[in-house]
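S.K.: My structure is below; once you've seen it, I'll send some questions.
The values are calculated or read from the model by the stated rules, or taken from the named source; none is laboratory data. Bear in mind the structure is a predicted one, so any value in this text is a computation, not a measurement. Reconstructed Cβ throughout: ideal geometry from the backbone, glycine too, with neighbour counts over all protein chains shown. Keep in mind that these areas ignore ligands, DNA and RNA; they rest on the heavy atoms of the full protein, side chains included. Shrake-Rupley method; radii C 1.70, N 1.55, O 1.52, S 1.80 Å.
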Amino acid sequence: FLIIVFSLKLEWLPSASLIDTSAPLLSQFKYLILPILTLALGLLGYVVRMTRASVIETNAQPYIRAAILKGLPRSRVVFHHLFRNALLPTITVIAMNLGWLIGGLVVVETVFSYPGLGSLLMTGITQRDVPLIQGATLCIVSAYMIFNLLADISYRLLNPRLRGS
């Protein structure tokens, strides 16, 4: 859909990611807009909905009301108490959907002809190159594990109940 609208009808963006490795990355940003939008839009709605629900639920907690009644500045209440606790479920949702996002790289890189790990994996599959498939899969799984570890670390930093244990 994005290729049809932005590349074919409006002719604003290129339909393929023809990346020149010798040129600076910022000069080639127009080639990355459609692949980034394709990956981000699929996850964005769910994350925003979960964040909104978490903020509404956290805002109704008694400690938020107590912080306001103590006379703390509204910015401190929002950033220190509200957002800090509302981000905990959002981090969990993002970490759980990273597998879907990394799996989506294979499709997005194939559709947009982007030279990356996903297209390398597809090349290995079409050529039945088992060591290449194993290596690419190992890299993808390692990235997924590292992102989940970073999510767990950030969860521990944001949740004061977990810091002491």
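S.K.: With respect to residue 138, determine if the residue is under 30 Å from residue 31 (Cα atoms), hydrophobic (A, V, I, L, M, F, W, C) and in contact with a Cys (Cβ under 8 Å, 6 or more places away or on another chain). Spell out the reasoning first.
M.R.: On the way: under 30 Å from residue 31 (Cα atoms): yes; hydrophobic (A, V, I, L, M, F, W, C): yes; in contact with a Cys (Cβ under 8 Å, 6 or more places away or on another chain): no.
When the stated conditions are applied, residue 138 does not pass them.
Each row is one residue, and each column tells you yes or no for (1) part of a helix (DSSP H, G or I); (2) among the hydrophobic types (A, V, I, L, M, F, W, C); (3) farther than 23 Å from residue 14 by Cα.
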{"residue": "97", "(1), (2), (3)": "yes, no, yes"}
{"residue": "113", "(1), (2), (3)": "no, no, no"}
{"residue": "120", "(1), (2), (3)": "yes, yes, no"}
{"residue": "135", "(1), (2), (3)": "yes, no, yes"}
{"residue": "154", "(1), (2), (3)": "yes, no, yes"}
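S.K.: Kindly provide the set of residues from segment 14-54 that are open to solvent by 60 Å² or more (accessible area, probe 1.4 Å) and farther than 30 Å from residue 83 by Cβ, ordered by number.
M.R.: Across segment 14-54, the qualifying residues are 18, 20, 21, 22, 24, 25, 26, 27, 30.
S.K.: Report yes if residue 41 is farther than 30 Å from residue 112 by Cα and modelled with pLDDT under 90, otherwise no. Walk me through it before giving the result.
M.R.: On the way: farther than 30 Å from residue 112 by Cα: no; modelled with pLDDT under 90: yes.
No.
S.K.: Check 84, 65 and return the single one that is in contact with a helix residue (DSSP H, G or I) (Cβ under 6 Å, 6 or more places away or on another chain), in a helix (DSSP H, G or I) and basic (Lys, Arg). Talk me through it step by step, then tell me what you get.
M.R.: On the way: 65 fails: in contact with a helix residue (DSSP H, G or I) (Cβ under 6 Å, 6 or more places away or on another chain).
Selected residue: 84, the only one of 84, 65 that is in contact with a helix residue (DSSP H, G or I) (Cβ under 6 Å, 6 or more places away or on another chain), in a helix (DSSP H, G or I) and basic (Lys, Arg).
S.K.: Among the residues that make up segment 69-81, is at least one of them open to solvent by 60 Å² or more (accessible area, probe 1.4 Å), among the small types (Gly, Ala, Ser), assigned to a helix (DSSP H, G or I) and farther than 20 Å from residue 97 by Cβ?
M.R.: yes
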